[in-house]
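Notes for the one structure printed next.
Every number here is computed from the coordinates shown, using simple stated rules; none is lab data. Owing to the predicted nature of the structure, the values given are computational and were not obtained by experimental measurement. Don't worry about glycine lacking a Cβ; one is built from the backbone with ideal geometry, like all the others, and counts go over all protein chains shown.
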Amino acid sequence: MKKIVLFLTIITALVFVGCDKEDFLDQPVQGKQTLDDFFSNAQNAENFINGIYRKINGESWWQVNFQRQINEMATDDNWAGNTEQPRPDIFGIAQYNVFPGSTYFNSFWESHYIGITRANIALDRIPGVEIDLEKKEQYLGEAKFIRAFFYFDLVRNFGGVPIVSSYNEILDPSINDKTRASVEDVYAFVEADLKEAIGSLPRKSEYAPTDLGRATKGAAQSLLAKVYLYQEKWDKAQTMAKTVMDSGEYALEPDFANLYKVGFAHGVESIFAVEFINNPTFSEVGGQFPITNGSRGDRGWGWGSPTSDLENAFLSEGDNIRLRSTIIKHGEPVFGDPEVSEFDGIPSENKSGRTNRKYYTPLADRPEPYARGQIPGQYIHLRLADVILIHAEAAYFNDDETSARNSMKLVRDRVGLDTNMSLSGTALRDAIWKERRLELALEQQRLYDIRRQKINGVPRIALILGPNGSFVKYNTEESTDPFETTNLKESQDSGALFDPNIHMLWPIPPEEIQLSRGNIKQNPGY
Amino acid sequence: MKQIILIILGVLSFSFTAEAQNIIEGTITDSQGQPIPGVNVIEKNTVNGVASDFDGNYTISTRNNAILVFSYIGYKTQEISVNSRSKIPVIMVTDNAKLDEVVVIGYGSVEKDKIATSIASIDGEEISKQVASNAAEALQGKAAGVQVLSSGGSPGASPRILVRGVTTILGNSSPLIVVDGVLQPSGTSLNAVNPQDISSMDILKDAAASAIYGSRASNGVILITTKRGKSGKPVVNFDFNYGVQGWDRIAVADAQEYISVINTRRINDGTAPLYNPEDYGAGTDWWNEVVEDFAPVVNANLRASGGSEKIKYGASVSFFDQQSNYNKGYYQRVTGRFNIDFELSDRVTLKQDISPRFESYENTPNLLFNTLRIDPLTPVYVSQSERVGRNEYSIFGLSENLVPNPVAQLARQFTENKFFGLFSNTQLNFKITPDITFTSQLGLNVTSLTWEVFNPEYFIGPNRQNEINNYTKNVTQNFDYVVNNTIAFDKTINKKHYLNLLGGILFDSENTNYLRGYADGLPSNTDQNLWQLDAAEGETIRASGNQGTQNILSGVFRTIYSYDRKYTINASVRVDQSSRFPKENRIGIFSSASFAWDVDSEDFFKSETVNNLRLKIGIGEVGNQNINRDGADFTIGSDDYVLGGQRVVSNFLGQFGNPNLKWETVKDKNFGFDLGVFNNELTLSAEYYIKTSEDLLNQVELPNYTGVPGTVAQNVGSVESKGIDIALGYNKKWNDFTLGLNLTVSSNESKAVELAPGNELILGQRRPTLGNRFVKITELGEVVGLFQGYKTDGIFQNQTELNSHTSENGKVVQPNAQVGDLRFVDQNGDGQLNDEDLVTLGNPFPDFFGGLNLNMQYKKIDLSMQWYGTFGNDVYNGNLEYIRAGTQNLNVLAGTTDVVWTPTNTDAKFPRLTELDRNGNYKNPSDLFIEDGSYLRLRNIQLGYNFDVKGFQKCRFYVSGQNLITITDYSGFDPEVQSGGIIDGLGVDFGRNPVSKTYLLGLNLTL
């Protein structure tokens, strides 16, 4: 018994000795900042805003950009192109044999919402940061602008989507029960954000040169004009577009060829653009498109080749200035690149032997190594010509044909094309639409435009695609294009499977339907 | 420092004087007259004691009327009164009354009949005989309830060990490894210990046994005891074996069959054929180009042991080398172990073990996948004329189907790993009184791993290129230590009451530290001497590094009480404080209790045949603190953006945290019996357990619209696992013939018994190929991780069948289907297929699994066999996503044209070939991919011959084969599929490197 007592005494002593161990047990995580400590100064707040911008084009080629490119392939402007590697998740969408589970839909959806949450966190935290009020106002305006941009990009691809409007919503368990908001509600949300952003954001001219690329009042107004246009709020669209045109902040780039030239990211015409630079210290600060879009004969991947149908559209207008700055053709010199006299478009590996000139980097501007994510240039989301054509289209539908013609003329004058000032009615409408196609060709607007533009209530896309669509008929019956009619690895009847009852929207990613336990419903037909 | 204070404290607490009055000597022998060294001789009720020397002699001074206690493991303890004698010879009698194994139980060891928990013990002989490179392989099928799953046939791959199934969702389900009392850092594999050094392995299966290890024990605990020296003349043992390993060839389509499949896919869709078969011959045989038929494996081991009365040593050094079945990839290991025992005084012993380990390895690429998928039309190399101006990494053919050329992958893979580890274990035992022992132990683990990767500059095609070569070097250093201070009381009172008490304070610290450098533009693509950061000339230089510490401070208490060898009670408590958790929920308390009743010791139980019958019951609780270290934190990530022509910093929320994270706990109940009949020739033990894992941690993917990046750590609910372990043994010796037969059978199934709000549905195994849909689902009340998808109902044979597959109101369910496509069942009859039509398709849990071990010896010849199998489990055969479909123009298995539907092959299993696949035959999860994964495999067979050579105690030559026979209906490459977490990965097959067949020759010499 004595021994047991002794034993217990020693145990007690051991426990006593082992007691004060706070140093041993306090081992905080090292090397990571936490959210609660992060918003402690102005610089961090600004860095966090920068993080929202990062999601506009995604970190790399696949999160967001490639879906935009696939969208172009699903129109009459682009083939899937790369016949060397016919991937069903790309070809399938381009040909309207749509695989809802495509990685690209999924990452596009996911990446946009990550961006929205970044904006929501900024809107939640930045009001509490000690910075001068003007800056704070600007940061909040930037967050609102980009959030609106994300929702607009979602609604025009998928239709009504769930709206998460604040960071606190995510912290509440009910976040799991969200359903899709209506298209109208999403647009209303976008409009509200943009109106607030317009009130908060500085003008382009008010920014320091080192801040160029941040959202501006003009960018918010331009986007709002486009949002109105998509909703056919013609009156508001016309007014808002006019506000931008009259702001004195922007002018058309005198030489069309300079729009996509290196160094013109924030040129006079640029309203909102993502800029790319070469800096090998940091991965993915440069562009992706010159590689993903580039010819396989020119160190590219060969995705998204311009169609002869698009080329014909330029030719029918005698529009050589924009044609040569939009399409490069196999065997021909590259406009603006004196070092290439005979372009290698590899028609054996490419449907049309054509490449997008807007995302082509002339040899002299190419960094070495010429690597994806390191190529200087820009991706222009909004530019003045777009806004002017929004104005023209809205004015036409507002029965203000004079303004419509005048605006269209502004755009055509720049590229030396005459404008028939007597055009009227549907002829004027068609001319404006065609002008939009030519001016903004391969800038990834086409799919949204032909989905929303209607003739007698029928969306134009249904007239262009589908078994009897004009584009399908042209390719299967009329085309004599030497490249497209020879390389049949990509089927000539691309677009024939288009069904207007299904394909006016893309499918909701099936993963999201499963993750939401069925609360998020699929679009009809998928 | 504290240990020293404690020792002094202990010393001061007791004053003792040895009254030397009489000197007694004698020799201790066994019943055959052989001297036994190391027998403990103690004057009863004192601390006075000695041990016999290696000639069995002892000398002790005692009082005249003293009683001497002679004890030695495996022999009956004797008490002899001195009665003024000066010479007392002693014959020790083997203790046959019980299976007198001593079992290691954590911070101590006791005889087997003193424990009431579930512990499986495996003798070192069994392990070293296995010629395995990894002790885990030797465990397979030996202990009921312990599952050893191969990690595939790559050199150095350490098998996964699952003790009674998986109790955790997240990745690490490997049991805690404890070597000679020292807890190894989390994630330690059994590669860390040379199998030839193992004296015994004890696996703590139930929580009643493992609760003493508290928060690190939720996956079970494996206690390893290494071999130590014995006094006596040196014994030298040398073991060497050499073998070759290879895979069974998997036959894929040649160029002609491939073209036929690809063209048929297009013709069936109405598009033009892609290839003209006349332009191609048989094409490239990728298997021949990539896979080496035989890869050598060498294992050599040298051991010496011996010692004097006061100092004993056991030392070994081993070498292991295994090459892969590709021309890249190997694993080499050199280990040493030096175990020394010092008897500093009658009361104090010191053990010092040192075990260094060097490993050198090159990662084995998992190229099987690409070798099978790449088309046979692509040449290995481009033509001579095209090679002009290309470097040696750029001369390879580019496949049109996006599969990287596997020969090119091999050519440009340069990885090098160097590992050094030093394990030191110091243990001081101080016998304060004959019954009370204080033990202080310091275990150190210092490891350093350096890996280097070089990526050469190459150009094979537009998206198969690396514009500039680059090099990465990563150095990870770990420093881990364990300090155990325990005090134990062990005494038998009045012959009937056995009491063993243990208390202790334990420190456990893991410290990790890494530094990584990356640079590009190395001056040479080929000169390996220039592949160092110092040589880099490129513009990109990146560095990263971090460190982390995780500590656990614990107190343990255990009591073992046994009455008259009839009733045994064990109880333990462990209190853990872990630095992984915030202060508020840092403490975990883990307790256990168990009870055993030896029915055969009862007076009323008299049986000639039954010599052992024991019933036991135990309950206990353990925890899992091994979770994502910063899972509670909302952390900030950083990235880049460009403004005004300059790179700017961009920050964002990198991880969404969960401040309410709790420990996972596992509670279990264990019921069992042990039965021995015919003098223990036949033994049977069976156990039934119910194990509940509570507050299971999972990395939950929230709906994407939340914008939460990645996954969030959450406690998602509770899973209840029920299982049975049965072990049946028959061991008998006739004159020249010995037979040992051991059969283990286990079953285990886990159900979700509680799911936390927001996690009512746990989805797992997202398949990008199937539209990022999840093929595994867990719902309340159901078995966890079931396969789900569409049920198929055969193949549409004609237009009538297509037209009649409608909803009640006539809506065609599969408008895009054609004859030859799969018919999916529209479960709710609404005329369309969507998520509401997904159903459960299979269960990855086997009905039972088990092993059969057979050992036979006839005169000088011995034969052993190990069979292992699982029965009644379903497998998701991911390979079927392409190998019968040509999806994305990937290659197919040979004979595919014969097994796909055509108008003339209408009872085919697989649907028609189609490129567009508008019906989604291969784009939807369905039972097409689910197969019965039952198999029976001859893991090991070994035939040995013992021969006599003068001067050697023992010489044995053996031949051995591993995985020679596999019986299965499974159509994948290897039914032994890797199981990831219980919910996500179990039963999912992705065509990793299959298990190799091995043929070995070996020699074992003892000097």
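Here the contact order of region B:589-686, divided by its residue count and restricted to Cα pairs under 8 Å and six or more residues apart, works out to 33 percent. With contacts taken as Cα pairs under 8 Å at a separation of at least 6 residues, region B:20-91 carries a relative contact order of 38 percent.
Applying 1/(1 + (r/R0)^6) with R0 = 35 Å to the Cβ-Cβ distance of residue B:383 and residue B:902 gives a FRET efficiency near 0.45. Short to long, the 20 Å bins of the Cα pair-distance histogram for chain A hold 21, 54, 18, 4, 3, 0 percent of all pairs. Note on region B:612-652: the alpha carbon radius of gyration divided by the globular reference 2.2 N^0.38 Å gives 2.89. For a straight C-alpha distance cut-off of 17 angstrom, the lysines reachable from residue B:312 (same-chain residues fewer than eight places away being disregarded) are B:227, B:230, B:233, B:351. The convex hull drawn around the Cα atoms of region A:296-367, when projected onto a plane and averaged over every direction, covers 4.7 nm². Would you mind checking the tilt of helix B:2-13 against the longest principal axis of the Cα atoms of chain B, expressed as 0 to 90 degrees and rounded to 10? With rounding to tens, the tilt is 20 degrees.
Taking a point 7 Å out from the Cα of residue B:530 in the direction of its Cβ, the residues of region B:460-495 whose backbone N falls within less than 17 Å of it are B:467-472.
Simple spin-label model, 7 Å along Cα-to-Cβ: residue B:569 to residue A:521 in nm? The two pseudo-label positions are separated by 6.4 nm.
Comparing Cα centroids, region B:711-734 and region B:843-870 end up 19 angstrom apart.
Its residue count N sets the reference 2.2 N^0.38 Å, and the alpha-carbon radius of gyration of region A:196-292 equals 1.22 times that reference. Across region B:853-893, the residues whose backbone nitrogen lies under 12 Å from the label position 7 Å along the beta-carbon direction of residue B:739 are B:855-857. Using alpha carbons only, the radius of gyration of chain B set against its Kirkwood radius gives Rg/Rh = 1.00.
Along the axis of the charge dipole computed for region B:727-843 (Cβ charges of +1 for Lys and Arg, -1 for Asp and Glu, origin at the Cα centre), the listed residues B:740, B:805, B:815 are led at the positive end by B:740. Stretching residue B:804 away from residue B:585 to a fully extended chain increases their span by 72.7 nm, per 0.36 nm per residue minus the current alpha-carbon distance. Just to check, using Stokes-Einstein with a Kirkwood Rh over alpha carbon pairs, what's the diffusion coefficient of region B:538-583 at 4 °C and 1.567 mPa s in µm²/s? D = 84 µm²/s.
Using C-alpha pairs below 8 Å separated by at least 6 residues, the relative contact order for region B:851-922 is 18 percent. Could you pull out the longest piece of chain A with no exposed loop GluC sites (Glu not before Pro) in it, calling a site exposed if DSSP puts it outside H, G, I, E, B and it has at most 16 other Cβ atoms within 10 Å? Longest stretch, sites excluded: A:343-526. With the convex hull drawn over the C-alpha atoms of region B:822-865, the volume per residue is 121 Å³.
Taking the number of Cβ atoms within 10 Å of each Cβ as an exposure proxy, the fewest-first ranking of B:574, A:54 is A:54, B:574. With each label modelled as a point 7 angstrom along the Cα→C-beta vector, the residue B:269-residue B:495 pair spans 8.9 nm. Ratio of Rg to Rh for region B:190-259: 1.31 [Cα atoms; Kirkwood radius as inverse mean 1/r over pairs]. Scaled to the globular estimate 2.2 N^0.38 Å, the Cα spread of region B:20-91, given as radius of gyration, is 0.99. Rounded to the nearest 20, the size of the Cβ-charge dipole of region B:102-195 about its Cα centre is 260 debye, with Lys and Arg at +1 and Asp and Glu at -1. Taking 0.36 nm per residue of separation and subtracting the current Cα-Cα distance, fully stretching the chain between residue B:999 and residue B:816 would add 60.6 nm.
Counting only alpha carbon atoms, the long axis of helix B:255-267 and the longest principal axis of chain B meet at about 60°. The lysines within cross-link reach of residue B:44, meaning a Cα-to-Cα straight distance under 18 Å and a gap of 8 or more places when in the same chain, are A:2, A:3, B:76, B:87, B:431, B:491, B:495, B:496. Computed from the alpha carbon positions, the gyration tensor of the protein assembly as shown leads to an equivalent ellipsoid with semi-axes of 70, 36, 30 Å, biggest first.
Taken along its principal axes, the alpha carbon cloud of region A:307-448 reaches lengths of 53, 28, 26 Å, longest axis first. In summary, the lysines within cross-link reach of residue B:923, defined as a Cα separation below 18 angstrom excluding same-chain residues under 8 places away, comprise B:776, B:791, B:909.
Given R0 = 22 Å, the distance between the Cβ atoms of residue A:339 and residue A:255 translates into a calculated FRET efficiency of 0.65. Along the axis of the charge dipole computed for the protein assembly as shown (Cβ charges of +1 for Lys and Arg, -1 for Asp and Glu, origin at the Cα centre), the listed residues B:643, A:175, A:80 are led at the positive end by A:175. For the pair residue A:420 and residue A:348 in one chain, pulling the backbone fully straight at 0.36 nm per residue adds 21.8 nm over the alpha carbon distance.
For chain B, adding -39500 (n - 2.57) for each run of n ≥ 4 DSSP H residues and dividing by the number of residues yields -1500 deg cm²/dmol at 222 nm.
Sorted largest first, the spans of the alpha carbon positions of region A:252-294 along the three principal axes are 34, 21, 14 Å. Each semi-axis of the equivalent ellipsoid for region B:743-853 is √(5λ) with λ an eigenvalue of the Cα gyration tensor; in descending order they amount to 34, 19, 12 Å.
Charges were assigned to the Cβ only: +1 to each Lys and Arg, -1 to each Asp and Glu. The resulting dipole of region B:20-91 about its Cα centre is roughly 240 debye.
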